[in-house]
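The values are calculated or read from the model by the stated rules, or taken from the named source; none is laboratory data. Since this is a predicted model, take the numbers as computed values, not measurements. For neighbour counting, all protein chains shown are included, and Cβ atoms are generated from backbone atoms with ideal geometry for every residue, glycine included. Just the protein is used for accessible areas: all its heavy atoms, side chains included, with ligands, DNA and RNA removed. Shrake-Rupley method; radii C 1.70, N 1.55, O 1.52, S 1.80 Å.
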Amino acid sequence: MALHTSTFMVRKSATEQISVSIVDMPCAAEGLSLTTWSSAGILSNLLHKLEVGKIKAVQSDDVKDDFAILELGAGTGLSGLSAAALWGQRALLTDLPTIVPGIQANVDLNAHVLREHGASAVSGTLDWTKPDMVSIPKSDNQRARTFTVDEVNGFPIILAADTMYTEEHPVLLSQTILRCLRRSPSARAIVVYAMRVAYIDHMREFWELMEAGGLVAEQEGREEIDLREWDDEKLHEWSVWKWKDL
Ligand SMILES: C[S@@+](CC[C@H](N)C(=O)[O-])C[C@H]1O[C@@H](n2cnc3c(N)ncnc32)[C@H](O)[C@@H]1O
């Protein structure tokens, strides 16, 4: 079976772009086949506009387990690969176990792009029902390992694109972000979703849970997709979260 590969141009600055290639491997989880969703396109192209100065201030010696960026529900991994390349950081791209080979294929496909930008990426399992357990399978240049995320070794940057589409997701996603986001003033979680009418209540519940857990949206906005390029709800909402008390 021929696999479909797409090229995404991701904005690095007003004048520069990075090219990220994505292959849709034949993976599925919970009835959903692997594909790249419009939220990942929005998130990737939003990164250059954010207060990157603060995010860039994360130095490698501040990063336990070597990862500056954690992507949740990565799917094909476009957002995590884009963030790693844009910021020259090391990213951990996670999803349910059956999706991980599809992420790894895209990590491999973009190895040269990551290298050119002083970045790297690794795929692994992080199931939001067990939000503190990360498993990284063995690959050519990576030993297998499992670790627990705790108060001390959280991630400085978390990305989540199109990860709220069942009634369980507001609780699961917020509990995972609250567990995995580093307790640091510069830590940020970036969340994007399509504003599908059926999920509006889930989105509001998610905001309430994030705020109840001690986070506050530092930046938020809405973007429209180009319907010639994507087949989804036109309007998307994005938000950048930080710890309120730090
Ligand atoms: C709609 S897709 C979005 C994929 C990608 N972020 C994008 O925007 O292209 C949702 C992703 O969340 C993952 N997911 C769903 N439930 C999950 C869970 N409990 N733990 C981890 N990932 C989960 C799915 O496997 C899927 O890859």
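Kindly indicate which of Gly124, Gly77, Gly88 is without any contact (Cβ under 8 Å) to a residue 60 or more places away in the chain, small (Gly, Ala, Ser), over 15 Å from Arg179 (Cβ atoms) and touching a Pro at 6+ places or on another chain (Cβ under 9 Å).
Checking each option against the conditions leaves just Gly124.
Hey, among the residues in the stretch 64-76 that are out of contact with any Phe, Trp or Tyr (no Cβ under 8 Å at 6 or more places or on another chain) and more than 8 Å from the ligand (Cβ to nearest atom), which one's modelled with the lowest pLDDT?
Ranking the candidates gives Lys64 first.
Taking the stretch 108-132 as the region of interest, how many residues are open to solvent by 30 Å² or more (accessible area, probe 1.4 Å), assigned to a loop (DSSP other than H, G, I, E, B) and of a type in the set (S, T, N, Q)?
Residues flagged as open to solvent by 30 Å² or more (accessible area, probe 1.4 Å), assigned to a loop (DSSP other than H, G, I, E, B) and of a type in the set (S, T, N, Q) within the stretch 108-132 amount to 1.
Can you tell me how many residues in the stretch 86-114 are touching a helix residue (DSSP H, G or I) at 6+ places or on another chain (Cβ under 7 Å), under 17 Å from Lys130 (Cα atoms) and of a type in the set (A, V, I, L, M, F, W, C)?
So the answer is 1.
Among the numbered criteria (1) at pLDDT below 95; (2) more than 16 Å from Ala74 (Cα to Cα), which one does Glu116 miss?
With respect to (1) at pLDDT below 95; (2) more than 16 Å from Ala74 (Cα to Cα), Glu116 is out only on (1).
Could you grab me the full set of residues in the stretch 210-243 that are surrounded by 13 or more Cβ atoms within 10 Å (Cβ to Cβ) and outside any strand (DSSP E or B)?
Met210, Glu211, Gly213, Gly214, Ile225, Trp230, Asp232, Glu233, Lys234
Tell me which residues, restricted to the stretch 145-161, are within 16 Å of the ligand (Cβ to nearest atom), in a strand (DSSP E or B) and in contact (Cβ under 8 Å) with a residue 24 or more places away in the chain.
Phe155, Ile157, Ile158, Leu159, Ala160, Ala161, listed by residue number.
Restricting attention to the stretch 75-102, which residues are open to solvent by less than 10 Å² (accessible area, probe 1.4 Å) and assigned to a loop (DSSP other than H, G, I, E, B)?
Of everything in the stretch 75-102, those that are open to solvent by less than 10 Å² (accessible area, probe 1.4 Å) and assigned to a loop (DSSP other than H, G, I, E, B) turn out to be Thr76, Gly77.
With the requirement that a residue be more than 17 Å from the chain's Cα centre (by Cα) and in contact (Cβ under 8 Å) with a residue 40 or more places away in the chain, what does the stretch 187-217 give you?
Met195
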